Structure formats: structure tokens, C-alpha cells
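Here is the structure we will look at.
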Amino acid sequence: MPNRTALMYCYDGSFEGLLCCVFESYEQKEIPLDILLPEMAQGILLPVKEIITDTAKAGRVLGSIPQKMGAPTLEFVRHAFLTCLAHKELYILLFLRLGYRYGPAVLSRLTDPVVDKLFKAVKHLAKESHLFKGFVRFSIFSNVLVAEIEPKNYVLPLLRQHFCERYPEEHFLIVDKTHGMGLVYRPYESAVIPIRKLELPEPDENEEYFRRLWRVFYDAVEIQGRHNPKCRMSLMPKRYWKYMTEFGSAQQKSPRRLEGSGGGKLHF
Amino acid sequence: MDIFDKLKILTDAAKYDVACTSSGVNKKAATGGIGSAAACGICHSFAGDGRCISLLKVLLTNVCAYDCKYCVNRRSNDTPRAAFTPRELADLTINFYRRNYIEGLFLSSGVLKTPDYTCEQMIEALRILREEYRFSGYIHAKAIPGADSALIARLGLLADRMSVNIELPSHNSLQLLAPDKSKHSILAPMGYIQNRIQENCTDIIRYHHAPKFVPAGQSTQMIIGATPETDFQILNLAEGLYRKYRLKRVFFSAYMPVAEDSLLPAPETKPPLLREHRLYQADWLLRFYGFTANELLDQQHQSFNPYIDPKCNWALNHMELFPLDVNRASYSDLLRVPGIGVISAKRIITARRTGRLQFDGLKKLGVVLKRAQYFITCGGKAPGGLKVTPDTVLQSLLSEKALGLYQHDFSHQTGMEQLSLFSPPSLLSSGGKQEDRGKCLTAPL
Ligand code: SF4
């Protein structure tokens with residue numbers, strides 16, 4: 001195995017870009033100390049090598065993954081790329097190097113530090129996306145269901161199938177404010193697109209009515225003799241509450257804005 | 001009465017029913033419809049008591065012709081009454097569902113006029129949901145004891161899961177506290193539902209489009225602590241129900257005093273939550289770990305140890321079976337090690353294919369070494385520097401919470417403020433509150 005080189009890679013943040021880093025690492029027989037996004041690479045003292053995303057190179061690496069280590073490993077790597085793990089790019093590169101060496105068995109090397117790190121990150125992603133299947137709260141604006149979330153991991157691609165199957169006849173939008181992306185659906189097509197700016201109107205009377213009913217239910221269903229805020233908090237950490245209508249916090253009077261450059265116009 | 005008041009009253013009246021999971025069936029929306037169901041279950045919120053909210057859990061009505069003594073809705077109780085119309089209920093469900101507040105509906109009811117009439121109302125609400133809204137989401141309906149089996153059959157074709165509550169763990173207790181119900185009126189619909197599910201399985205093989213009868217199976221619930229049955233009796237009953245009626249779940253509900261009655265525990269009695277917790281742990285061992293009720297408790301030891309979970313307790317009393325070598329032990333044996341769960345056992349099997357496991361690797365697999373270390377070896381080696389005596393094992397197996405409980409209980413008995421840990425009397429020698437603790441421990445080590 002080549003030695004760690006006193007060198008950083010810088011890539012464009014895309015999955016293809018990362019695959020090109022893998023390509024480069026093999027071609028040059030070097031392992032970077034880290035793989036950075038352009039904004040993080042500025043002001044770094046070590047030499048930084050910019051890796052240009054090249055579709056042909058990326059395609060070769062992509063094709064080799066299922067071939068050398070099986071389709072589940074590719075899916076695992078794709079998921080790993082959606083996680084919020086710090087230095088995930090480097091871990092993925094190291095993981096793929098193990099994959100080329102051990103083949104499909106790499107997924108069973110659960111006690112290897114790199115595999116373990118990625119497994120936990122993917123588990124965290126899976127857990128968070130599962131929680132959002134329940135914690136997403138739609139408000140209905142002129143018959144379009146709109147929800148905002150602030151996940152740690154990039155969960156939208158994992159929520160897509162669930163919500164499309166749940167509401168096949170609806171128009172809906174889930175905005176991920178952390179990553180500036182949105183899942184848009186209308187019968188029968190869906191897309192994940194950048195959304196940098198979104199203004200939601202005030203909830204109308206009908207919307208308020210059902211939010212109130214929901215809060216009545218939420219409060220009434222608790223058995224006071226078993227009040228247990230600690231348990232609630234561990235199952236539903238406070239950071240999720242912000243957009244959940246049962247807590248009344250989503251009921252702000254002024255329209256909420258999402259600031260940023262560019263505008264994702266929505267066509268329904 | 002407006003819908004807000006109705007919702008409040010009918011939620012309040014339904015909240016002691018525990019069967020709130022939405023799991024057990026995978027479905028997609030029908031064309032032109034709404035709703036899917038995920039087998040793994042989805043929690044949409046957690047109430048202030050920490051319990052998961054996944055379904056709109058309400059009663060159709062809390063008007064009841066029966067007089068079950070443990071129930072808030074009993075005829076003789078002076079409580080505000082309300083009833084949804086089937087359409088109100090269906091509309092509420094759909095509007096909550098569209099906003100992703102819920103995964104579906106859990107519908108139970110008091111006995112309005114007669115069991116049959118009540119059942120018809122429930123059928124109508126479900127019919128609106130399924131036929132008019134083309135709702136494919138999860139619906140759990142309670143079979144009303146005493147309703148005609150033809151009506152139960154209709155309800156079963158509209159619901160994903162049905163349940164009939166056992167309510168009380170013995171015939172005597174039922175006679176005493178639920179005079180309008182009988183063992184028969186509960187077990188008859190349970191048996192009927194079980195038969196229909198089984199027939200339906202063969203139907204589906206024969207005719208591809210046979211409508212599914214309660215595809216997510218049936219469950220039941222019983223109240224713990226209102227009557228004198230022991231953990232041993234309760235667990236045996238649960239095991240019997242899994243075998244005989246193929247129930248998907250048995251739920252336990254710690255009795256919360258809602259009425260003053262000479263036959264019931266005093267109103268200030270605390271609900272036996274820890275006992276309920278132990279029963280759930282034991283139930284889990286029956287369903288996923290291959291244990292039988294008789295392994296966990298027996299005639300001489302009829303209650304669970306409040307301080308340690310049933311699996312640890314079992315292991316401590318079967319030290320002759322340990323330690324197991326994690327590199328060789330079978331999956332089913334690994335499952336019996338405290339600190340190893342279903343997931344970590346599977347991961348051990350996977351990981352050891354690629355090489356010999358060592359202690360430092362086990363943690364990564366999810367093994368709780370703090371517990372497991374006393375029961376396992378790696379390639380014949382025990383973890384370094386470990387001195388195993390019953391008390392050190394026990395001490396480390398007790399959670400901090402249990403330790404606190406133990407110390408609390410003990411200082412109460414002795415009047416002493418605090419004790420040095422486990423030095424004398426030991427927790428394993430059955431000193432102290434004999435009735436609570438001594439008989440829980442299945443045998444001295
Ligand atoms: S039948 Fe008994 S348990 Fe059910 S609502 Fe009526 S009084 Fe309560």
C-alpha cells in the first residue's frame with residue numbers, strides 16, 4: 001500500500017468527483033491526507049492537488065465497484081457519501097482501497113477501523129432518514145403539501161420513495177434547509193433540485209384548524225401519570241421539534257424565508 | 001359539541017390502549033388513492049410520556065353499556081361522553097394523514113347500544129376511508145367482544161390488524177372486574193380471527209385477488225397489577241396466546257387507578273411500570289431470542305427480579321453454560337449472552353468469517369462488553385485482569401438506575417442513609433424485602 005503523501009486533494013463535491021480522486025490515488029500510487037471541498041482548501045499550508053471531475057475516469061471506477069466488490073458495496077458507498085461524517089471522502093477512498101483488496105468481503109470486515117467508521121455513519125444516516133419519515137410535517141398551501149426539514153445527513157434521496165408511495169396523487173415539496181435542496185413531486189414524477197430561496201405564505205384557516213386539532217390530540221394522548229420528558233427527548237431530540245406542528249413552533253406569524261443566492265422556482 | 005371537544009374526550013378515553021405500533025405490513029397506495037404502510041413501523045411523534053405516536057388512536061365513542069370496573073368509560077362512571085360520526089372520523093384521519101401527522105388509524109370503541117351496532121359504526125368509518133378515500137394506510141380495529149362473527153368478518157376485511165383485549169390475565173379476575181365480559185366472549189372472536197387469517201392464506205394461494213383478512217395479524221393487551229396474577233402466570237399466558245392464536249404481539253399495560261373500588265388497588269397506587277418493563281423484556285426474549293416462559297420463571301420463582309433484566313438473571317443462574325467462545329458459538333447460543341442482542345449476534349457471525357475476533361473488535365460490533373465480558377471468551381482467552389465473582393458480575397450488570405433503586409429500597413428498610421455497595425448483605429443472598437426480592441432470584445449462585 002502506498003504511503004500517505006503529504007498532500008491534500010480538492011474535488012468539486014460530487015460523487016463522480018470523489019471517484020476521480022480514487023482514480024488519481026491509484027494512478028499516482030499516493031494516498032492524500034484529506035480530500036477537501038474548494039472552500040475548505042483555501043489557506044491550507046500543505047500542497048493541494050485539484051482533482052478535475054472527468055466522467056470517463058469516474059465511470060471506470062464506478063463500473064469496477066460492483067464488479068470487484070459486489071452491488072451491495074456500491075450501494076453502501078453511495079449511502080456513505082450522503083452522510084455527515086467528517087472526512088467522509090477520505091474514509092470512502094480508504095474503504096474502496098480495502099474493497100479492491102478484499103472484494104465483497106470488505107463489507108464483513110466490521111472490526112476494521114475504516115469500515116467501522118463508515119458503518120456507523122451509514123447507520124446514523126439510516127436512522128435519521130427513518131425518523132424523518134415520521135417527523136416531516138406538511139402544511140397545505142393551495143392543495144400543495146410543503147414541509148421543511150433541517151437534517152444533519154443528506155436524507156432527501158432516501159425519503160423519495162417513501163413519500164412518493166405515500167402520496168401518489170398529491171403535489172408535494174420537502175425542503176432540506178441544511179443542504180439547500182428540495183424533493184419535488186407531482187403525479188407521477190419526482191426530482192431532487194437545489195432550492196436556495198423559498199417563501200411560505202401564512203397558513204390559511206383550514207391549515208390552522210388541523211394544526212390545532214393535532215395539538216389537541218397530541219396533548220390528550222399523554223398519560224400524565226407516566227410523564228417522562230427525558231424518554232421523549234432521547235427518542236425525539238429537540239432539534240426535530242422546530243418544524244413539528246404539535247409544539248406550536250411551526251406556527252409563526254411572519255412568513256419564513258430561506259436566504260441565499262439563486263432561486264428554485266417551483267412548477268406545480 | 002364541537003370536534004375539538006370530541007377529539008379531546010375520545011383520545012383521552014382511548015389512551016390506555018397500548019397497541020399503537022403501525023408495523024407488520026407493507027403496502028403501496030392503490031391507484032388513485034392515498035397511503036402506504038411500512039412493515040417496520042414509523043413513529044410520527046412521541047408524547048410527553050415518551051410513548052410513540054404513530055396512529056390516530058381514538059374511540060368511536062366512549063358511551064358504554066358495560067361496566068368494567070377498571071375502565072374510565074364504564075357505565076357507572078361520571079365522565080363527559082362523546083361520539084364521532086363515521087364520517088367525522090374518516091375526514092379527521094385523512095387530514096392528519098395528508099399532513100404526515102400519523103401513519104393510520106387505531107379505532108376502538110365503547111359499547112354503544114349493542115356490540116353489533118357499535119361494530120357497524122366502525123365498519124362504516126373504515127368503509128369511507130377504504131372505498132371513498134381509497135386509503136391504503138394502516139388501520140388497526142378493535143373487535144368488540146360479543147359482536148356477530150359476520151360483522152367481525154367485515155371489519156377484518158377493512159382493517160390491517162385486529163385485536164381483542166384479554167384485559168385481565170385470568171378468568172376469575174375477569175368475572176370479578178368485567179362482569180359483562182367472559183373468557184368466551186374474548187377468546188371466541190380471537191379464535192375466529194385466527195381461523196379467518198389462516199383460511200385467507202390458502203385462499204390467496206388459490207385466487208390471486210382474494211381480499212386480505214387482517215394482513216398484519218392480531219394482537220391483544222392485558223392489564224398488569226389490577227389483579228393478583230404473577231409474572232409467571234402472565235408470561236405463560238402470553239406464550240400460550242402466541243402459540244394457540246398466533247398473535248403478533250401481546251401488550252402489557254400497567255394498571256393506572258381510574259376508579260375507587262374495593263376490588264381494585266387503592267387510587268394512590270403507583271402503576272407498576274418497572275414490572276411492565278420486565279414483562280416486555282421477557283416477551284422480547286420469547287419472540288426473538290428463543291426462550292420459553294419456563295426458562296425465565298417457574299413455580300418457585302414467580303416474579304421477575306426488579307433489579308436485573310430477565311436475560312441477565314437467567315444467565316447468572318446458568319453459569320455452567322458459560323463462558324462461550326465468540327469465535328465458535330452458534331447464533332442461538334450467542335443470543336443468550338447478556339450484552340449481545342440480535343443485531344450484534346448477527347454481526348459477530350458475519351465478522352468472524354473474515355478473521356478471528358478479539359475483545360477490542362467486539363465493541364465495534366455492538367456488543368456491550370461491560371455485560372458480556374463475564375460470559376464470553378475470544379479464542380479461549382478471557383478478557384485480561386477480570387476477576388469473576390458473583391458479586392462483581394452482578395454489580396456490573398445492574399444499571400445505575402437499578403443500583404439507585406436498590407440502594408433506595410435498602411436504606412428504607414434499614415433506616416440507613418447509604419450503604420457501601422453490596423457489602424453485606426449481598427443482593428444475591430435473599431436478605432431484605434423477602435417478598436419483593438428474595439424470591440425473584442432463581443437460585444443462589
Ligand atoms: S366494554 Fe368495558 S373496557 Fe370496554 S369501554 Fe366499556 S367499560 Fe371500558
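For the range B:115-194 and the range A:82-132, what is the separation of their C-alpha centers, rounded to whole Å?
Between the Cα centres of the range B:115-194 and the range A:82-132 lies a distance of 47 Å.
Along the Cα→Cβ direction, 7 angstrom out, place labels at B:His184 and A:Arg215. What is the inter-label distance in nm?
Rounded to a tenth, the inter-label distance reads 5.2 nm.
If all Cα-Cα distances of the range B:162-265 are sorted into 10 Å bins from 0 onward, what percent lands in each bin, rounded to whole numbers?
Percent of pairs per bin, in order: 14, 41, 27, 12, 5, 1.
For B:Lys142, which lysines qualify as cross-link partners when the Cα separation must be under 19 Å and same-chain residues fewer than eight apart are set aside?
Of all the lysines, those that pass the test against B:Lys142 - Cα under 19 Å, at least 8 places apart if same chain - are B:Lys15, B:Lys57, B:Lys113, B:Lys181, B:Lys183, B:Lys212, B:Lys248.
Please give the solvent-accessible surface of A:Tyr188 in Å², to the nearest 10, using a probe radius of 1.4 Å with every protein chain present.
About 150 Å², rounded to the nearest 10.
What does the range B:142-210 give for Rg and for Dmax, in Å, if only its C-alpha atoms count?
14.2, 47
Would you compute, for the Cα atoms of chain A, the largest minus smallest coordinate along each principal axis and list the three values in descending order, in whole Å?
Between the extreme Cα coordinates on each principal axis of chain A lie 64, 46, 39 Å.
In the full protein assembly as shown, how much of A:Met236 is accessible to a 1.4 Å probe, in Å² to the nearest 10?
The accessible area comes out at roughly 0 Å².
I need the calculated FRET efficiency for the pair B:Thr292 and B:Lys244, taking r as the beta carbon distance and R₀ as 22 Å, to the nearest 0.05.
It comes out at approximately 0.90.
Keeping every protein chain in place, order B:Thr220, B:Thr269 by accessible area at 1.4 Å, biggest value first, i.e. largest first.
The most accessible residue leads, giving B:Thr269, B:Thr220.
Kindly list the residues of the range B:41-69 that lie in the label zone of A:Glu165, defined by a backbone N under 18 Å from the point 7 Å along the Cα-to-C-beta vector.
Those under the cut-off are B:41-44.
Can you work out the FRET efficiency for the pair A:Leu46 and A:Lys242, with r the C-beta to C-beta distance and R0 = 41 Å, to the nearest 0.05?
For R0 = 41 Å, the calculated efficiency reads 0.60.
Stokes-Einstein D for the range A:97-170 at 20 °C, 1.002 mPa s, Kirkwood Rh over Cα pairs, in µm²/s?
The calculation lands on 145 µm²/s.
In a shell of Cβ-Cβ distance under 13 Å around A:Ile140, excluding A:Ile140 itself, what net charge do Lys and Arg (+1) and Asp and Glu (-1) give?
Combined, the nearby Lys, Arg, Asp and Glu give -2.
What percentages make up the Cα-Cα pair-distance distribution of the range B:96-164 when the bins are 10 Å wide from 0?
22, 54, 21, 3
So what is the relative contact order of the range B:1-157, in percent, for Cα pairs below 8 Å that sit 6 or more residues apart?
26 percent.
Rolling a 1.4 angstrom probe over the protein chains, ignoring ligands and nucleic acids, what is the accessible area of A:Cys164 in square angstrom, nearest 10?
30
Per the Kirkwood definition applied to all pairs of different Cα atoms, how many angstroms is the hydrodynamic radius of the range B:44-197?
Evaluated over the range B:44-197, this radius sits at 16.2 Å.
Calculate the radius of gyration of the Cα atoms of the range B:32-87 to one decimal place, then report Dmax, the largest Cα-Cα distance, as a whole number, both in Å.
So, for the range B:32-87, Rg and Dmax equal 16.1, 46 Å respectively.
Dipole of the protein assembly as shown (Lys/Arg Cβ +1, Asp/Glu Cβ -1, origin at the Cα centre): which of A:Val136, B:Tyr133, A:Pro201 lies farthest to the positive side?
Among A:Val136, B:Tyr133, A:Pro201, the one farthest towards the positive end of the dipole of the protein assembly as shown is A:Val136.
Could you give the alpha-carbon Rg of the protein assembly as shown over 2.2 N^0.38 Å, rounded to two decimals?
Dividing the Cα radius of gyration by 2.2 N^0.38 Å gives 1.07.
Less than 14 Å Cβ to Cβ from B:Tyr242, Lys/Arg counted +1 and Asp/Glu -1: what total charge do the surrounding residues give?
That works out to +4.
Just list whichever of A:Lys177/A:Lys197; A:Lys152/B:Lys346; A:Lys29/A:Lys57; A:Lys177/A:Lys242; A:Lys133/A:Lys197; A:Lys133/A:Lys242 have alpha carbons separated by over 19 Å in the model shown.
A:Lys152/B:Lys346; A:Lys133/A:Lys197
With every protein chain kept in the model, how would you rank B:Trp284, B:Trp314 by accessible area, 1.4 Å probe, largest at the top?
Ranked list, largest accessible area first: B:Trp284, B:Trp314.
For the range A:71-139, what does the convex hull of the Cα positions come to per residue, in cubic angstrom?
Measuring per residue, one finds 92 Å³ for the Cα hull of the range A:71-139.
Of B:Lys69, B:Lys270, A:Lys238, which has the most accessible area and how do the rest follow, probe 1.4 Å?
B:Lys270, A:Lys238, B:Lys69
Relative contact order, percent, of the range B:155-254 when contacts are C-alpha pairs under 8 Å separated by at least 6 residues?
38
What do you get for Rg/Rh of the range A:143-217 when both radii come from the Cα atoms and Rh is the Kirkwood radius?
In the range A:143-217, Rg relative to Rh is 0.99.
What fraction of the Cα pairs in the range B:227-314, stated in percent, has a spacing above 23 angstrom?
The answer is 27 percent, as a whole percent.
What is the distance, in nm, between label points placed 7 Å from the Cα along the Cα-to-Cβ direction at A:Arg60 and at B:Thr114?
8.1
Would you mind working out the magnitude of the charge dipole of the protein assembly as shown relative to its Cα centre, with +1 at each Lys and Arg C-beta and -1 at each Asp and Glu C-beta, to the nearest 20 Debye?
So the dipole magnitude of the protein assembly as shown works out to roughly 1640 debye.
I need the calculated FRET efficiency for the pair B:Ala382 and B:Ser330, taking r as the beta carbon distance and R₀ as 30 Å, to the nearest 0.05.
0.90
Would you calculate the convex hull of the Cα atoms in the range B:315-354 and tell me its volume per residue in Å³?
Given the Cα convex hull of the range B:315-354, per-residue volume reads 59 Å³.
Dividing the convex hull volume of the Cα atoms of the range B:286-332 by its residue count, what figure in Å³ per residue is obtained?
Residue-normalised Cα hull volume stands at 94 Å³.
Would you mind working out the magnitude of the charge dipole of the range A:1-93 relative to its Cα centre, with +1 at each Lys and Arg C-beta and -1 at each Asp and Glu C-beta, to the nearest 20 Debye?
For this selection, approximately 300 debye.
So, in nm, how far is label A:Leu33 from label A:Lys120 when the simple model puts each one 7 Å beyond its Cα toward the Cβ?
For A:Leu33 paired with A:Lys120, the spin-label model returns 2.4 nm.
Counting only C-alpha contacts under 8 Å and six or more residues apart, can you give the relative contact order of chain A as a whole percent?
13
How much accessible area is lost when chains A and B come together, counting both sides, with a 1.4 Å probe, in Å² rounded to the nearest 100?
4900
Taking the Cα centre of the range B:155-199 as origin and charging only Cβ (+1 Lys, Arg; -1 Asp, Glu), how large is the dipole, in debye to the nearest 20?
The calculated dipole for the range B:155-199 is roughly 60 debye.
The values are calculated or read from the model by the stated rules, or taken from the named source; none is laboratory data. What you see is a predicted model; the values in this text were computed from it and never measured. Virtual Cβ from ideal backbone geometry, glycine too; neighbours counted across all protein chains shown. For the accessible areas, the whole protein counts, side chains as well, though only heavy atoms, and no ligand, DNA or RNA atoms are used. Shrake-Rupley method; radii C 1.70, N 1.55, O 1.52, S 1.80 Å.
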